[in-house]
Structures are given as structure tokens and as C-alpha cells.
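Down below is the structure, laid out as C-alpha cells.
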Amino acid sequence: MSADRRLVGLHILVVEDEFLIAMELEDAIAQMGATVTTVGGRTEALDALANERPDGAILDVQLGEEMSYDVAEQLIVLDVPFVLATGFDATILPPHLRGRPRLSKPFAPTDLERLAVQVFRGRN
């Protein structure tokens, strides 16, 4: 992982139910300088969004037996840029989410870094 610090000053929400993947995402985003909040489920993600608006989010599409589409909808309402993380093909996504930035699992650290800077800094 590089020492790229292009996310300094940003707060990123990571929503991922697999512990090792969550830690990998959190570490990578933190190394880029962002403050990271990590939650493992839909309810925790929606609670986090009710309390604070992050600058961006990485959202696992499938959280256990549940899909995270309602979290994606809340991110859209809040105008928070986000990346969908999934090992599935885009065809499982609702049509209006298919064009959203996607991080394919398993992911390469360089792909995560490139996408994070593009999505979270691209609006600034």
C-alpha cells in the first residue's frame, strides 16, 4: 500500500460485514489520510448516517443475508459519493445503481486507491 495521502481531511464510512476485508479497507483508506468509521451491517450504517454525513462511503452490496440497497439510497439522498464493493456482476444491482463506481472483490490495493481518489476527491 502506498503512502498516498490524497484523502487527508475526509471522513469515509466503510460498510463491510467480513472482518478481514473491513480491516483491509479501513487500513488502506486511513493510510491515504482519511478518518474512517467502519460498521458491519445495514442497521449500523443507517444509524451512522443518521448521526453524521461522511464525505464518502465504501458499501458492501451484500451484508450477510441482506442487501445494502437502502443504505445506498440514503447515501444518494445525502449526496454522499460512494463505491459499491461486490464480488457479483453488476446485473444483480437495481438499474439505477449499475452505473455507480464499483470495486470488484477480490480487489487489488492499487484499484482501491485509484477509485477512492477518483470518487472521493473527484468532486472537490
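Points to keep in mind about this one:
- Meets criteria (among the hydrophobic types (A, V, I, L, M, F, W, C) and within 13 Å of the chain's Cα centre (by Cα)) for LEU93: no
- Tallying residues that are without any contact (Cβ under 8 Å) to a residue 60 or more places away in the chain, surrounded by 16 or more Cβ atoms within 10 Å (Cβ to Cβ) and not in a loop (DSSP other than H, G, I, E, B) within the stretch 83-103 yields 6.
- Of all the numbered requirements in (1) in contact (Cβ under 8 Å) with a residue 24 or more places away in the chain; (2) closer than 13 Å to ALA116 by Cα; (3) not charged (D, E, K, R), ALA30 misses one, and that requirement is (1).
- You will find that of VAL14, VAL8, VAL36, the residue that is under 15 Å from PHE120 (Cα atoms), touching a Gly at 6+ places or on another chain (Cβ under 6 Å) and at pLDDT 95 or above is VAL8 and no other.
- A search for C-beta distances below 6 Å between a residue of the stretch 52-72 that is of a type in the set (Asp, Glu) and any residue that is at pLDDT 95 or above, counting only pairs 6+ apart in sequence or on different chains, returns ASP55/LEU10; ASP55/HIS11; ASP60/VAL15; ASP60/GLU16; ASP60/ALA85; GLU66/ARG42.
- Odd one out for ILE29, checked against (1) touching a strand residue (DSSP E or B) at 6+ places or on another chain (Cβ under 9 Å); (2) surrounded by fewer than 14 Cβ atoms within 10 Å (Cβ to Cβ): (2)
- Matching residues in the stretch 8-50 - criterion: being over 12 Å from the mean Cα position of the chain (by Cα), farther than 15 Å from PRO109 by Cβ and outside any loop (DSSP other than H, G, I, E, B): PHE19, THR35, ARG42, THR43, GLU44, LEU46, ASP47, ALA48, LEU49, ALA50
The values are calculated or read from the model by the stated rules, or taken from the named source; none is laboratory data. Here the structure is a predicted model, which is why all the values come from computation and not from measurement. Every residue, glycine among them, receives a Cβ derived from its backbone with ideal geometry; neighbour counts consider all protein chains shown.
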